[in-house]
Amino acid sequence: MTEEPQDRRLDGNAAAGPLAELFTVDLAAAVATCASCGRAAPLGAHLLYADAPGLVVRCPSCTGVVLRYAAGRTSLRLDLTGARLITVTLPGEAGAPG
Ligand SMILES: [Zn+2]
């Protein structure tokens, strides 16, 4: 009996639990890989423009936009289009292969 792809599919609500772990960590040390040039650097080493509508984080190498974040009265918006990858090292796991 062959398992069809739709048999393995869940709705997006099932991703909320695992993603909650990501969004409760301190992101200052998270490593963001720029989608434009491929440079990986800690978020704290990026360039922040806080005077835009919301926050704009740019790559320290090519100055491409890595992420944008806006907090409104009724919603939070996070645009990660410019980040190829965000890596968060869990507490107590520094140096462990990932
Ligand atoms: Zn870049």
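The values are calculated or read from the model by the stated rules, or taken from the named source; none is laboratory data. Quick caveat: nothing in here was measured; it's all calculated off a predicted structure. Reconstructed Cβ throughout: ideal geometry from the backbone, glycine too, with neighbour counts over all protein chains shown.
If I ask for residues that are outside any strand (DSSP E or B) and under 15 Å from THR89 (Cβ atoms), which ones from the stretch 24-44 would you list? Even if it seems obvious, please write down each step before you answer.
Within the stretch 24-44, the first condition is being outside any strand (DSSP E or B), and the residues that meet it are 24-30, 35-39, 43-44.
Once the filter is applied, which keeps residues that are outside any strand (DSSP E or B) and under 15 Å from THR89 (Cβ atoms), the stretch 24-44 yields THR24, VAL25, ASP26, LEU27, ALA28, ALA29, ALA30, LEU43, GLY44.
Take the conditions on the phi < 0 side of the Ramachandran plot, in contact (Cβ under 8 Å) with a residue 40 or more places away in the chain and of a type outside the set (Lys, Arg) and apply them to THR81. Does it pass?
On the way: on the phi < 0 side of the Ramachandran plot: yes; in contact (Cβ under 8 Å) with a residue 40 or more places away in the chain: yes; of a type outside the set (Lys, Arg): yes.
Against the criterion (on the phi < 0 side of the Ramachandran plot, in contact (Cβ under 8 Å) with a residue 40 or more places away in the chain and of a type outside the set (Lys, Arg)), THR81 qualifies.
Hey, could you check the stretch 64-94 for residues that are more than 16 Å from the ligand (Cβ to nearest atom), of a type in the set (S, T, N, Q) and over 19 Å from VAL25 (Cβ atoms) and say which is surrounded by the most Cβ atoms within 10 Å (Cβ to Cβ)? Steps first, answer last, please.
Step one: list which residues in the stretch 64-94 are more than 16 Å from the ligand (Cβ to nearest atom), which gives 69-78, 88-94.
This time we only want the ones that are of a type in the set (S, T, N, Q), so: 74-75, 89.
Adding the requirement that they be over 19 Å from VAL25 (Cβ atoms) leaves 74-75.
Details: THR74: 4, SER75: 7.
Here the answer is SER75.
Taking the stretch 31-63 only, how many residues are of a type in the set (Val, Ile, Thr) and either within 10 Å of the ligand (Cβ to nearest atom) or in contact with a His (Cβ under 8 Å, 6 or more places away or on another chain) (or both)?
Of the residues in the stretch 31-63, the ones of a type in the set (Val, Ile, Thr) are 31, 33, 56-57, 63.
Now restrict to residues that are either within 10 Å of the ligand (Cβ to nearest atom) or in contact with a His (Cβ under 8 Å, 6 or more places away or on another chain) (or both): 33, 57, 63.
Total satisfying the criteria: 3.
Pick out the one residue from ALA83, ALA30, ALA20 that is modelled with pLDDT of 95 or more and of a type in the set (Gly, Ala, Ser). Give the derivation first.
Working: ALA30 fails: modelled with pLDDT of 95 or more; ALA20 fails: modelled with pLDDT of 95 or more.
The unique qualifying residue is ALA83.
Within the set of pairs 6+ apart or on separate chains, which have a first residue in the stretch 46-68 that is in contact (Cβ under 8 Å) with a residue 24 or more places away in the chain and under 16 Å from ARG84 (Cα atoms), a second that is of a type in the set (Val, Ile, Thr) and near the ligand (Cβ under 8 Å from one of its atoms), and C-beta atoms under 9 Å apart?
Here the result reads VAL57/VAL66; CYS59/VAL66, each pair linking the stretch 46-68 to a residue that is of a type in the set (Val, Ile, Thr) and near the ligand (Cβ under 8 Å from one of its atoms).
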